[in-house]
Amino acid sequence: MSSVAESLARFREQGFVILRDVLDAPAVDALRQALQPYLDLGLRGRNDFEGELTQRVYSLVGRGRVFERTVEHPAVLERVDALLHPGYLLTASQAICIYPGESAQPVHYDDTFYTLPRPRPPVSISTIWALDDFTAENGGTEVIPGSHEWGDERVGAYADGIAGAAGPVPEGALVPVEMAAGSLVVFSGTLLHRGGANGSAAPRRAFSHQYCEPWARQQENFTLSIPRERAKSMSPRVRELLGYSIHPPFMGQLAARHPEKALADDYVNSLVADDAEIAKRESSRP
Ligand SMILES: O=C(O)CCC(=O)C(=O)O
């Protein structure tokens, strides 16, 4: 794997960097096995963007320790530390399994819904981890190198929010990310990309964790989607990333208290506690 400094230089220049062979074969296998029962549920994407021949498993971080560990993998966090501000959050965590016959996704960039004028620094950083080798044939992610620096007008010619491509992308502009299972691509939330068409005979399994600035709204509401008992068992770092954290001075507060307090065994919701106290006083009034 390239050094942190080398990979950050590459990221800044082209908007993405591939980190090769971060996970060994047994680790990839453990992730595949943990994912399979969720894929067996058979849910398919609901539109062209999710992909009707694609399965997505949302809130993946809450679905097993193996996924949790990838969220806080040092190879990722060492790099995201340099790209976002302290206290950054996890904004999305999902498996993406693209089946044979799936067409290419609309070209888009991941932090499109933070409607700040481009060019601008990314509000989020995406990662896509390969659980199968990514090739040009099997739906490996396709990127437009350098597009992270484009302004709104140029982006608008190719991508129209998450609704779809506004126009045809010139031949050769999209480059497939080819990498072995256990590798990942880290890319800017401003980089134009898409999931490729899967013209092979086998599914392309992957998962994506995305991280956002600590002041930005997360795509997934992890404090609701992940059951409290499960959140309690997670590492402090993962809990912080999920939103059990404060962006100073008080973004993320829970009725003026630290949100970690909600995970204490003796926690009582302060609205419930206040209402109980008011009811008690009213009932004891002469
Ligand atoms: O699966 C991929 O390769 C890319 C998916 C993607 O970009 C997305 O769903 O936002």
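The set of residues in region 87-111 that are of a type in the set (S, T, Y) and under 17 Å from D48 (Cα atoms) comprises Y99, S103, Y109.
Give just the number: which of (1) under 18 Å from the mean Cα position of the chain (by Cα); (2) within 20 Å of L191 (Cα to Cα) does G139 not satisfy? For G139, the failing item is (1). Can you say whether V80 is crowded, with 16+ Cβ neighbours inside 10 Å and closer than 30 Å to Q33 by Cα, as far as the supplied structure shows? When the stated conditions are applied, V80 passes them.
Only one residue in S93, S59 is surrounded by 21 or more Cβ atoms within 10 Å (Cβ to Cβ), small (G, A, S) and in contact with a Ser or Thr (Cβ under 8 Å, 6 or more places away or on another chain), so which one is that? Can you show your working first?
Numbers: S59 fails: surrounded by 21 or more Cβ atoms within 10 Å (Cβ to Cβ).
Within the list S93, S59, the selection yields S93.
Laboratory data are not the source of any read-out in this text; all were calculated from the coordinates shown. Predicted model only: the values in this text are computed from it and were never measured. In this analysis, Cβ positions are derived from the backbone assuming ideal geometry, glycine residues included, and neighbour counts consider all displayed protein chains.
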